[in-house]
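Structure first, commentary second.
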There are 2 protein chains.
Amino acid sequence: MKKITISDVAKQANVSRSTVSQYLNHRFDYMGEKTRDRIEQVIEELGYQPNIVARSLKQKSTKTIGVIVANILHNFSTEVSRAIEDVCHEVDIHTIICNADDEPKKEKKYIDMLRAKQVDGLIIFPTGGNKQLYQNMIDENYPVVFVDRKVDGIPVSSIMLDNHKSSKLAVDHCVEKGYDQIGIITTSIIRDVTPRLERLEGYERALNNRGIPIREEYKKSVEIESIQSTLHEMLQQDNPPQAVIAGNDLALIEILKYVKGHRLAMPEDLAVLGIDDVSFASFYSPPITTIAQPTFEMGEKAATVLLGKIQKQETKDEGIDIRFDPMLIPREST
Amino acid sequence: MKKITISDVAKQANVSRSTVSQYLNHRFDYMGEKTRDRIEQVIEELGYQPNIVARSLKQKSTKTIGVIVANILHNFSTEVSRAIEDVCHEVDIHTIICNADDEPKKEKKYIDMLRAKQVDGLIIFPTGGNKQLYQNMIDENYPVVFVDRKVDGIPVSSIMLDNHKSSKLAVDHCVEKGYDQIGIITTSIIRDVTPRLERLEGYERALNNRGIPIREEYKKSVEIESIQSTLHEMLQQDNPPQAVIAGNDLALIEILKYVKGHRLAMPEDLAVLGIDDVSFASFYSPPITTIAQPTFEMGEKAATVLLGKIQKQETKDEGIDIRFDPMLIPREST
DNA sequence: CTGAAAGCGCTTACAG
DNA sequence: CTGAAAGCGCTTACAG
């Protein structure tokens, strides 16, 4: 069965293709009622579906945006993407989600691919490894917004957590629980990933505020595979931390695996607290204290800002970051 | 900065657009070397990127497939989708993932949308609520494959787990552990969802094989929101089950919440076992016995079958289902 | 109120 | 070895 086109409809309905097109685009202003009804009926009869590819080519808009997350394994990425989809869906914009897998090369591939597919704009959780590319998009006045991370020297607004505050919340909570030896473990910071850097900074500041000395042995940033061994070392010291903060959800899972493997009791042997919520936090044994990000609001904001840029054809922003407040959810692991 | 097109390249390189097109499509057979080099250089200089939308329109192929999962909340859906993406990526096919959210209406919307976008084929985890639509695609010789579920009367091959076997594995494992009062809770079967139906059947057969009588009070299929209360009732009976099988990952989570909330010890108070693996199974307290699906292989198979149909232009299959073996991962919750 | 014409950015026989 | 022409399926001024 061959694909039926607007010409088939036009012929069948005895009108020109333009008229059918008017119908499709709901420009009924000057259309005779019988004409409209006839077209409607023929479309129904033939099961005609307009070819969006052709329309996009002509209109120079695909009504589609792209989302490139740095790493889909983070719960945060999934939730933010979902929020973006929801918002876009409301206004009939489609969304294509891609996963850069923390590799700048893949990120570049997806940016090129999505732009070749003519998506109307891009929401990127930048790996940070493609500065030239980011800059090109700005120069070309192409609509982009960043999420979760910012890139030095690239004037694009980024939707981010107030990471300093999240660490402060974590540290203050630990102190209130009576711990003053507090460690933190984040995933690697070799690529200057904003949230990790800021959470580390925030951790130091919070300790300072509390008059607790900072100990390098309590503060580690390593590859995910090394988190368990790093924690092991940390706990083998003479004066091991009583509490440890996980820099993100993936780090938290590694820490929990270690705790489980070594049959430590939480919080008696080690208090554990994670930045980023995890699906099982509430029914884990014991339930895990976490610091959640307002993922829905953040995704919503990212979408709104991008759609604004697309609509207003004004892609310039002052690169002013938009920060969201973290939320402490105290549970029993601390 | 305006978008540059093939014409700009042609002009700049002093050749016709056709020649540039030949270059883009790697048809160098008859192209002068200097011509090729000149084009290459101009493209580089201008930062030209071909417009895929235009190409797709002409070639009548978008090199993109669509994947519509019934419900993205299932771990299974995510993992299968990832495998599909991986396979497609290898052969330069793009993938668009959509979530029907268990609603036939949304499913229809996405099928229509993806087809309007001219994707070359569709992998569907069918809700089952759009038989006419499925049938239309077959009639139109449009490439489709089903995953996880089959639809009565629709001759499309489906990639599925051997669900009977998964229940058998579960029941046999429980029996070997010394339990003979074994319950099962699945999510709702009002829409005849294949895996749920088959897992229930398999459960009954396995009990029969073992000579254990089937008790209706031990066998429940309810909405996700009612799982905890259903389990509560089940355990309040005179002769409550010693073990309960979760029909899928979402059911398992509800059961774990209940167990947690009522401070039951696993497996002493209640043995728990889930069909579908969950991310935290290995480090939960106690680690959860699960029956895993070979998600990667299943996604791979789905992609291969679909790509085959697309390539061979032969979309007919005998609707023969392809089954994969489940795998028991015994841990400490049973 | 409706139609003829041009054009979106490519690709593809075909001619030379 | 390269170019002119037609066409993919739409939309959009514009004319009448």
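The values are calculated or read from the model by the stated rules, or taken from the named source; none is laboratory data. No experiment lies behind these values; they were computed from the predicted model shown. Note: ideal-geometry Cβ built from the backbone for every residue, glycine included; neighbour counts use all protein chains shown. Just the protein is used for accessible areas: all its heavy atoms, side chains included, with ligands, DNA and RNA removed. Shrake-Rupley method; radii C 1.70, N 1.55, O 1.52, S 1.80 Å.
Side notes on the structure shown:
- All strands (runs of 3 or more DSSP E) inside segment A:251-334 with 3 or more residues being open to solvent by 30 Å² or more (accessible area, probe 1.4 Å): A:322-324, A:327-329
- Among the criteria (1) over 30 Å from A:Leu250 (Cα atoms); (2) surrounded by 22 or more Cβ atoms within 10 Å (Cβ to Cβ), the one A:Phe76 does not fulfil is (1).
- Residue list for segment A:9-50, filter: more than 14 Å from chain B (Cβ to nearest Cβ), open to solvent by less than 40 Å² (accessible area, probe 1.4 Å) and away from DNA strand C (no atom under 12 Å from the Cβ): A:Val42
- A:Ile214 free of Cβ contacts under 8 Å to residues at least 12 places away in the same chain and under 21 Å from A:Asp148 (Cβ atoms): no
- Residues of segment B:271-318 satisfying the condition of being over 21 Å from A:Val278 (Cα atoms) and within 14 Å of chain A (Cβ to nearest Cβ): B:Val272, B:Gln313, B:Thr315, B:Lys316
Each row is one residue, and each column tells you yes or no for (1) at pLDDT below 95; (2) buried (at least 16 other Cβ atoms within 10 Å of the Cβ); (3) under 26 Å from A:Glu217 (Cα atoms); (4) not assigned by TED's automatic domain parsing to the domain that holds A:Asp139.
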{"site": "A:Asp152", "(1), (2), (3), (4)": "yes, no, no, no"}
{"site": "A:Ser167", "(1), (2), (3), (4)": "no, yes, yes, yes"}
{"site": "A:Glu176", "(1), (2), (3), (4)": "no, no, yes, yes"}
{"site": "A:Tyr179", "(1), (2), (3), (4)": "no, yes, yes, yes"}
{"site": "A:Thr186", "(1), (2), (3), (4)": "no, yes, yes, yes"}
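- Hey, B:Tyr203 open to solvent by less than 20 Å² (accessible area, probe 1.4 Å) and within 12 Å of B:Gly247 (Cα to Cα) or not: yes
- From the options A:Val69, A:Val91, residue that is in contact with a helix residue (DSSP H, G or I) (Cβ under 9 Å, 6 or more places away or on another chain), more than 13 Å from DNA strand C (Cβ to nearest atom) and open to solvent by 50 Å² or more (accessible area, probe 1.4 Å): A:Val91
- Test: residue in segment B:206-223 that is among the β-branched types (Val, Ile, Thr) and touching a strand residue (DSSP E or B) at 6+ places or on another chain (Cβ under 6 Å): no
Condition check ((1) surrounded by fewer than 20 Cβ atoms within 10 Å (Cβ to Cβ); (2) modelled with pLDDT under 95) across all residues:
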{"position": "A:Ile190", "(1), (2)": "yes, yes"}
{"position": "A:Asn208", "(1), (2)": "yes, no"}
{"position": "A:Ser221", "(1), (2)": "no, no"}
{"position": "A:Ser226", "(1), (2)": "yes, no"}
